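Each remark here refers to the structure printed beneath this line.
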Amino acid sequence: MKFDHIGIATPEIEQALSVWRDALGLSVDSTDEVAEQGVRVAMLAIGETHIELLEPLSDDSPIGKFLQKRGPGIHHIALRVPNIREALSDLKAKGARLIDETPRVGANGCLVAFIHPSATNGVLLELVEHQH
């Protein structure tokens, strides 16, 4: 297991890129739109992990609601796991509150699942399994 990315909610990816890409010099590895989650994504490489910029496709999407409630900022941290179904099963067996009991397709075709912040000291945690 290792860190995969830190998700940052932003009203506009292009505006956020002025800092992350232009001022800090991070390169954009990929962009994607995940219509099912109502989000546009830009992944910027930083060492062996990424900064994931999240722009809502609508105000009533999860990221849109997050921005309305809390404003721009860190939305979640993501851990890469070798087998997401096994990780979810283990967490559930140990009593962790899951948002997603089964994985769904996330940005760039990865399998993702979220763990409720009440199980992780107030931090929204995403598990990611890359499909190579």
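Mind checking whether some residue in segment 72-85 is part of a helix (DSSP H, G or I), over 26 Å from residue 14 (Cβ atoms) and of a type in the set (A, V, I, L, M)?
Looking for residues that are part of a helix (DSSP H, G or I), over 26 Å from residue 14 (Cβ atoms) and of a type in the set (A, V, I, L, M), one finds at least one in segment 72-85, hence yes.
Search segment 86-126 for residues being in contact with a Lys or Arg (Cβ under 6 Å, 6 or more places away or on another chain) and assigned to a helix (DSSP H, G or I), and hand back the single one that is surrounded by the fewest Cβ atoms within 10 Å (Cβ to Cβ).
Restricting to residues being in contact with a Lys or Arg (Cβ under 6 Å, 6 or more places away or on another chain) and assigned to a helix (DSSP H, G or I), the top hit is 118.
Looking only at residues in segment 10-43 that are of a type in the set (Val, Ile, Thr) and over 13 Å from residue 63 (Cβ atoms), which one is surrounded by the most Cβ atoms within 10 Å (Cβ to Cβ)?
28
May I ask you to list the residues in segment 7-30 that are closer than 26 Å to residue 114 by Cα, of a type in the set (S, T, N, Q) and either modelled with pLDDT under 95 or over 14 Å from the mean Cα position of the chain (by Cα) (or both)?
Within segment 7-30, just 30 meets the criteria.
Look at residue 129 and say whether it is within 30 Å of residue 24 (Cα to Cα), surrounded by 12 or more Cβ atoms within 10 Å (Cβ to Cβ) and among the acidic types (Asp, Glu).
Yes: the conditions hold for residue 129.
Considering only segment 1-71, give the strands (runs of 3 or more DSSP E) lying wholly within it that have at least 3 residues that are in contact with a Ser or Thr (Cβ under 9 Å, 6 or more places away or on another chain), more than 17 Å from residue 126 (Cβ to Cβ) and of a type outside the set (A, V, I, L, M, F, W, C).
none
Checking the conditions here, which among 17, 24, 54, 44 is closer than 19 Å to residue 79 by Cβ and without any contact (Cβ under 8 Å) to a residue 40 or more places away in the chain?
44
The values are calculated or read from the model by the stated rules, or taken from the named source; none is laboratory data. Because the structure is a prediction, the values reported are computed rather than measured. Here Cβ is always computed from backbone atoms with ideal geometry, including for glycine, and neighbour counts include all displayed protein chains.
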